[in-house]
Amino acid sequence: MRREDNARDGAFEETQYGIVKRIRVIREWVRQAKERTGKDVLRILDYGCGTGDHITFPLARAGDEVFGVDIHEPSILEARRRYALPNLSFRAGVIQDLLDEGLSFDVIVCSEVLEHLHDALEFLTDVRRLLQPGGGLIVTTPNGYGSFEMLRRLEWALIRIGVHQSLRWVFRKGRQLSRRARGYVVPSHPSERLSGEPGAGFLNHDSVHVQFFRLRSLEKLFSTSGFRIVARRARTFLCGPYVDTLFRLSPGRQVLFRMNNRLADLLPFSWAADWMFLLEPKEALHP
């Protein structure tokens, strides 16, 4: 990635999870919302913002009025510590709090939220009530049967039979050798996981996935909650336990990450590990 691209996208580099691709797609959809509404400054809600690193803060840097909300108070406290802009605010809360206060937004972002909810339909119905006329909802969520979720199931199975622990030792040693070869200082007792990415943008590691969506079930969910899909993008193809570590051990990782992103665009949409959707309320299109 070029240095100027890295700076523009919030001082973070691409990963196997397509975090740079995600913010670029979100920015493009926000730009379209500005054209549609005719507003120079949008009110944007990032619900489930975590620590605000990869979406909330980069969106605020463009000058829009951005609100980051998350149910996990430690993440909000960390977000406030890291980022301070006059057009950016963070708070702990739930959707009902925002409804009770009569708030509304031009764009709402719910990135990696739906898979954590037991009642995604009720949530989206409430989100729809927060949108101003002409507003849009941006949703990103894992493919419940894509590489990430399938590799997580493999990881759990290997943990149960005791193989995961041996693989963890092998990968840890491999990463130590890789870091030494690149001139990094390796701790004598590293505490590293096989899965997960440093600087993931959240602290709430106890929140697990309870929904595993197929494409058709997502489309039905959006329609039933009153939304219509306006645009969609695949995010990345391969990510998850074991693959994550192999990516980190590989030289030229940024090239591999871009290839991984591109592969998701070229292959059938249903094969992607993670999906991105731009939604609008149905009545906004059919008054």
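The values are calculated or read from the model by the stated rules, or taken from the named source; none is laboratory data. Bear in mind the structure is a predicted one, so any value in this text is a computation, not a measurement. Cβ: placed from backbone, ideal geometry, glycine included. Neighbour counts: every protein chain shown.
Could you tell me which numbered condition ASP97 fails, if it satisfies all but one of (1) more than 19 Å from ARG129 (Cα to Cα); (2) assigned to a helix (DSSP H, G or I)?
All conditions are met except number (1).
Kindly indicate whether any position in segment 109-117 is in contact with a Lys or Arg (Cβ under 9 Å, 6 or more places away or on another chain) and under 27 Å from ALA264 (Cβ atoms).
First, pick out the residues of segment 109-117 that are in contact with a Lys or Arg (Cβ under 9 Å, 6 or more places away or on another chain): 111.
Within this subset, residues satisfying the condition of being under 27 Å from ALA264 (Cβ atoms) are 111.
Yes - at least one qualifying residue is present in segment 109-117.
Looking at segment 124-148, which of its residues are free of Cβ contacts under 8 Å to residues at least 40 places away in the same chain and buried (at least 17 other Cβ atoms within 10 Å of the Cβ)?
none
Of everything in segment 71-92, what is under 19 Å from ILE19 (Cα atoms) and within 17 Å of the chain's Cα centre (by Cα)? Give them in sequence order.
Passing the criteria: SER75, ALA79.
Which pairs turn up if I take residues in segment 53-73 that are in a helix (DSSP H, G or I) and look for partners that are surrounded by fewer than 24 Cβ atoms within 10 Å (Cβ to Cβ) and among the polar types (S, T, N, Q) with beta carbon separation below 6 Å, at least 6 apart in sequence or on another chain?
Cβ pairs passing all conditions: ALA60/ASN87.
Spot the failing condition for PRO86; the list is (1) of a type outside the set (A, V, I, L, M, F, W, C); (2) buried (at least 17 other Cβ atoms within 10 Å of the Cβ); (3) part of a loop (DSSP other than H, G, I, E, B), and only one is missed.
Evaluating PRO86 over (1) of a type outside the set (A, V, I, L, M, F, W, C); (2) buried (at least 17 other Cβ atoms within 10 Å of the Cβ); (3) part of a loop (DSSP other than H, G, I, E, B) leaves (2) as the failure.
Would you confirm whether or not segment 115-136 contains a residue that is in a strand (DSSP E or B), under 23 Å from LEU215 (Cα atoms) and under 19 Å from the mean Cα position of the chain (by Cα)?
Yes, some residue in segment 115-136 is in a strand (DSSP E or B), under 23 Å from LEU215 (Cα atoms) and under 19 Å from the mean Cα position of the chain (by Cα).
Determine which single condition LEU42 fails, assuming it passes every other condition in (1) modelled with pLDDT of 95 or more; (2) over 17 Å from ILE138 (Cα atoms); (3) of a type outside the set (S, T, N, Q).
Of the numbered conditions (1) modelled with pLDDT of 95 or more; (2) over 17 Å from ILE138 (Cα atoms); (3) of a type outside the set (S, T, N, Q), the odd one out for LEU42 is (2).
Restricting to segment 108-123, name every residue that is surrounded by 16 or more Cβ atoms within 10 Å (Cβ to Cβ), over 29 Å from ASP40 (Cα atoms) and acidic (Asp, Glu).
GLU115 - this is the single residue of segment 108-123 that is surrounded by 16 or more Cβ atoms within 10 Å (Cβ to Cβ), over 29 Å from ASP40 (Cα atoms) and acidic (Asp, Glu).
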